[in-house]
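The values are calculated or read from the model by the stated rules, or taken from the named source; none is laboratory data. Quick caveat, the model's predicted, so the values are computed rather than measured. Virtual Cβ from ideal backbone geometry, glycine too; neighbours counted across all protein chains shown.
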Amino acid sequence: MEAFLLSEWLLRAFLVPADGPVYLRLYKLICRAILEGHLSAGTRLPSTRDLAAELGIARNTVLQVYDQLAEEGYVRAGVGRGTYVEDISQELPGALERPVAAVRADEHAPPSLELSRRGQALLAHLGFSNLQAGAFMPGVPDVREFPLKVWMRIQNRLWRTGPWDLMRYAPAGGYGPLRQSIADYLGSVRSVRGSAKQVVMTTGIHQAVDVTVRLLCDPGDTVWVEEPAYWGVRNLVASAGLKVVPVRVDDEGISPDGDSHRQPPRLIVVAPSHQYPLGMVMSLARRRMLLDYARQTSCWILEDDYDSEFRYGTRPLSSLQGMDESGRVIYAGSFSKTLYPGLRVGFLVAPPALAPAFADAVAELYREGNMVNHAVLDEFLREGHMGSHIRRVRRRYAERRDCLIEAIHRHFGDTLEVVGGDAGLHLVLALPEGVDDEVVVRNALQEGVISRPLSTYYLDRAHARSGLLLGYAGVTPDEIRPAFDVLARVIGRYLQSSHSKGGRHDDTRRTGT
């Protein structure tokens with residue numbers, strides 16, 4: 001495209017209405033002409049005076065565009081010599097050139113083939129949901145109960161003082177005063193033993209698991225996880241190249257068999273105070289056994305303490321870490337359930353010998369900040385607001401749990417078992433063998449009711465138990481009753497189908513309906 005043709009082409013393009021500054025429109029049009037090959041290397045562009053006159057715009061605008069094109073390497077310009085299109089083609093060195101056949105073979109390859117095997121495996125086992133509110137989304141608190149006025153009062157006070165130091169990256173381990181407040185809080189409510197130096201701030205349980213497996217495990221090492229277990233922890237472990245071994249749970253918690261004992265893992269991940277998703281509490285005997293096993297085999301234990309504050313009728317249980325005499329337990333928690341998920345503030349408590357390594361690793365890998373929120377949370381804890389908030393929402397959640405259980409009994413009597421309803425933010429409604437919980441969940445969602453299928457929390461799907469995880473914390477009794485009426489109708493259809501077929505249910509995962 002010669003210079004005089006470029007002027008005509010730009011003039012026609014400028015007649016098309018478009019948003020944005022004139023200089024940006026002109027810049028984009030010339031870039032497009034160069035990139036698409038309409039302006040070949042060496043072509044001289046019109047002078048700034050001529051192009052400005054042709055387009056009816058200010059000459060300074062054209063000068064600005066030409067300068068920008070020159071800075072980015074599209075053109076070269078010299079005083080009195082004109083402006084020419086640069087040769088922007090670039091060949092790879094001969095040793096790096098790809099064969100023509102290989103280029104053609106890959107030209108239409110699906111993007112998934114570009115992922116690593118670990119990446120493909122991770123995306124093949126997704127568990128997250130874009131649905132984060134409503135009946136009966138499990139694992140979420142009621143953010144409407146958050147003490148916003150108290151939080152804002154503390155936050156506004158901090159901002160007025162000019163918190164410049166809090167606006168930088170966090171030091172290794174996190175904001176010091178908050179680490180001390182968390183150590184004090186955990187010592188009083190969870191019997192966790194540790195100083196502020198052992199507390200390392202994270203963005204939540206996921207990051208705590210990630211840094212733990214990075215520091216303590218090598219690819220190919222074995223990690224025990226509970227069966228069933230929270231999918232997020234399991235996927236993090238697997239994506240790190242570790243061998244995930246599911247160890248079944250019974251009424252007393254994780255229950256390794258003889259074969260497992262003979263092959264010690266590098267790491268054991270457990271939720272002893274409230275197993276997820278079934279809700280049992282690890283017995284004292286099982287805790288002592290696990291700690292003794294870790295001491296004898298030099299393996300590590302990661303204690304996931306995600307919502308132990310919410311027990312109904314009994315006091316919160318002491319932590320496993322508080323019983324550890326050998327320094328083999330890493331304790332992890334967060335404020336996602338107690339305050340709100342979007343806060344993204346969590347922590348781990350490492351054994352004294354490991355704490356500096358954990359603090360440095362978090363700082364190196366994630367470049368933590370968020371210290372303004374950390375400072376607000378520190379004062380929130382020190383002023384006693386956390387205890388008041390927990391006591392208030394615990395009463396609310398207990399009422400909602402009772403309302404949901406009452407609705408279950410009203411529709412099904414004692415025919416369906418309620419599992420794990422003594423604590424936490426959800427319960428499990430067990431379904432008879434042969435009823436496909438994934439199908440029930442999909443059909444309930446079509447009618448506006450959310451739940452999660454219990455079977456998907458099992459790694460060994462052949463021996464998975466069927467059921468529904470029903471979260472009650474985020475919905476009021478007035479929302480629970482009509483939502484469960486809808487869910488009960490859906491469940492009822494599949495119960496009738498199961499009974500009519502003698503316990504066999506043909507509407508399976510294979511059909512997807």
Q. How about region 9-22: which of its residues are part of a helix (DSSP H, G or I) and at pLDDT 85 or above?
A. Val22
Q. Which is part of a helix (DSSP H, G or I), surrounded by fewer than 17 Cβ atoms within 10 Å (Cβ to Cβ), touching a residue at least 40 places away in the same chain (Cβ under 8 Å) and of a type outside the set (S, T, N, Q), of Val376, Val372, Val440, Val393?
A. Val372
Q) Just one of Gly174, Gly194 is under 23 Å from the mean Cα position of the chain (by Cα) and closer than 21 Å to Glu368 by Cβ; which is it? A) Gly174
**Q.** Criterion violated by Ala361 - all others in (1) in a loop (DSSP other than H, G, I, E, B); (2) in contact (Cβ under 8 Å) with a residue 40 or more places away in the chain satisfied
**A.** (1)
Q | In region 225-247, the residues that are under 17 Å from Tyr293 (Cα atoms) and free of Cβ contacts under 8 Å to residues at least 60 places away in the same chain | A | Glu226, Val245, Val247
Q: Evaluate region 411-430: report whether one residue or more is part of a helix (DSSP H, G or I) and not assigned by TED's automatic domain parsing to the domain that holds Val247.
A: yes
Q.
Taking the conditions exactly as written (surrounded by 15 or more Cβ atoms within 10 Å (Cβ to Cβ), in a helix (DSSP H, G or I) and at pLDDT below 80), does Leu158 satisfy them or not?
A. no
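Listed here are the residues, each with its yes/no results for (1) at pLDDT below 95; (2) assigned to a helix (DSSP H, G or I); (3) closer than 21 Å to Val349 by Cβ; (4) touching a helix residue (DSSP H, G or I) at 6+ places or on another chain (Cβ under 6 Å).
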{"residue": "Pro264", "(1), (2), (3), (4)": "yes, no, no, yes"}
{"residue": "Ile268", "(1), (2), (3), (4)": "no, no, yes, no"}
{"residue": "Tyr276", "(1), (2), (3), (4)": "yes, no, yes, no"}
{"residue": "Val281", "(1), (2), (3), (4)": "yes, no, yes, no"}
{"residue": "Ala285", "(1), (2), (3), (4)": "yes, yes, no, no"}
{"residue": "Leu302", "(1), (2), (3), (4)": "no, no, yes, yes"}
{"residue": "Arg315", "(1), (2), (3), (4)": "yes, no, yes, no"}
Q. Is there a residue in region 183-194 that is crowded, with 17+ Cβ neighbours inside 10 Å, over 21 Å from His389 (Cβ atoms) and not assigned by TED's automatic domain parsing to the domain that holds Asp378?
A. no
Q: Might you let me know whether region 128-137 holds any residue that is outside the structural domain of Ala357 (by TED's automatic domain parsing), of a type in the set (Ser, Thr, Tyr) and under 21 Å from the mean Cα position of the chain (by Cα)?
A: yes
Q | Given (1) of a type in the set (A, V, I, L, M); (2) in contact with a strand residue (DSSP E or B) (Cβ under 8 Å, 6 or more places away or on another chain); (3) surrounded by 19 or more Cβ atoms within 10 Å (Cβ to Cβ), index of the condition Val245 fails | A | (3)
